[in-house]
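The block underneath contains the structure these notes are about, expressed in structure tokens.
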Amino acid sequence: MPTPTHMALVALANSGHLKLLISQNCDGLHRRSGFPPDRLAELHGNSNLELCSGCGLQYLRDFHVRTSGKVHEHQTGRACPVCSGALLDSVVNFGESLPEKPMRMGFEHCHAADLVLCLGSSLTVTPAANMPEEAAERGAKLVICNLQNTPLDSLSSLRIYGRTDELMTRVCSRLGIQLPAWQLRRRLRVDVHQPTGDEKGDKSALVATFGCVEADNTPATVFQKLSVHLVQDGNREAKEILLGDFDRRTCARSTEFQVRLPQSLPCKVTLAMTFMGHYGEPGLKLTLCLTQPCRYAKQPILMLFDPRLQRWSCEGV
């Protein structure tokens with residue numbers, strides 16, 4: 001679960017103080033905390049993120065994606081649903097090259113930064129440690145918070161021997177920024193459209209597509225099970241349509257699900273969603289009124305789970 005430090009970084013990013021977060025962690029907690037993914041440089045990858053070796057698309061999973069017992073083997077055994085390319089875990093092990101884009105972002109931002117804050121890092125692993133070093137040598141202020149000494153202590157403008165949770169809680173308090181409570185965030189995107197490759201050429205045929213995405217529209221696998229009831233003329237159809245039943249080995253149809261709709265719109269559907277349950281989150285049912293165009297395609301429904309209250313809430317329904 002994200003810590004007070006994770007949530008403080010989210011608050012600082014949302015308030016405009018923090019321009020880029022450079023992470024050497026691969027536990028995926030920064031993305032799970034709600035930190036803006038476009039301002040996150042994960043130098044050592046993300047244990048929940050798969051990359052397509054063919055088209056380069058990314059898929060975020062609500063489980064650890066690594067399957068190989070060999071250190072430098074990254075194929076997960078799953079395939080990209082778009083191009084059928086082999087999917088790779090994104091974890092960077094010792095001796096492997098860092099991903100180009102996050103590394104470039106890190107150096108560029110450190111070159112332009114007024115202040116670089118290093119939290120809980122030994123600053124011994126390069127090239128990550130070169131980023132704050134170059135910033136300090138250029139004249140930027142360098143603040144280091146770590147319990148042990150680091151090789152860059154002599155370059156720091158402020159050296160703090162303490163715990164990051166305590167420091168970041170105080171920083172937010174001093175800035176008058178409220179530390180947000182963490183909630184599990186799921187974004188449900190729904191679209192209504194004509195089926196692609198419809199052999200019968202039925203122009204009146206419509207399908208609804210359901211899937212979860214991240215804030216940057218990265219497809220996300222979050223459902224253990226997903227089913228739907230169609231409601232027509234106020235009467236629910238007797239048959240429940242199972243759209244997805246999770247299979248970790250293949251993740252087949254795990255990010256996007258389709259159901260054929262009746263020809264007359266609007267149409268009400270009731271979604272029954274079962275999640276992975278890492279935080280004890282219960283299932284959730286939503287009844288939606290679908291039209292074409294569907295407003296949930298561009299503005300996904302935000303589903304929030306509070307682990308303290310054990311309760312879901314939804315925004316944008």
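Data table
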| item | result |
| --- | --- |
| Given (1) assigned to a strand (DSSP E or B); (2) surrounded by fewer than 16 Cβ atoms within 10 Å (Cβ to Cβ); (3) of a type in the set (A, V, I, L, M, F, W, C), index of the condition Phe305 fails | (2) |
| Number of positions in region 18-33 that are out of contact with any His (no Cβ under 9 Å at 6 or more places or on another chain) and either crowded, with 18+ Cβ neighbours inside 10 Å or within 21 Å of Glu133 (Cα to Cα) (or both) | 2 |
| Qualifying residue in region 66-74 (condition: of a type in the set (A, V, I, L, M), free of Cβ contacts under 8 Å to residues at least 60 places away in the same chain, within 28 Å of Phe275 (Cα to Cα) and not assigned by TED's automatic domain parsing to the domain that holds Val213) | no |
| Contacts under 9 angstrom Cβ, first residue in region 160-176 being assigned to a loop (DSSP other than H, G, I, E, B), partner surrounded by fewer than 17 Cβ atoms within 10 Å (Cβ to Cβ) and at pLDDT 95 or above, 6 or more apart | Tyr161/Leu147; Tyr161/Gln148; Tyr161/Asn149; Gly162/Leu147; Arg163/Gly120; Arg163/Leu147 |
| Residue identified as aromatic (Phe, Trp, Tyr) and free of Cβ contacts under 8 Å to residues at least 24 places away in the same chain among Phe107, Phe94 | Phe94 |
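The values are calculated or read from the model by the stated rules, or taken from the named source; none is laboratory data. Just so we're clear, the structure is a prediction, and the values are computed from it rather than from any experiment. Because the Cβ atoms are built from the backbone with ideal geometry, glycine has one as well, and the counts that use them run over all protein chains shown.
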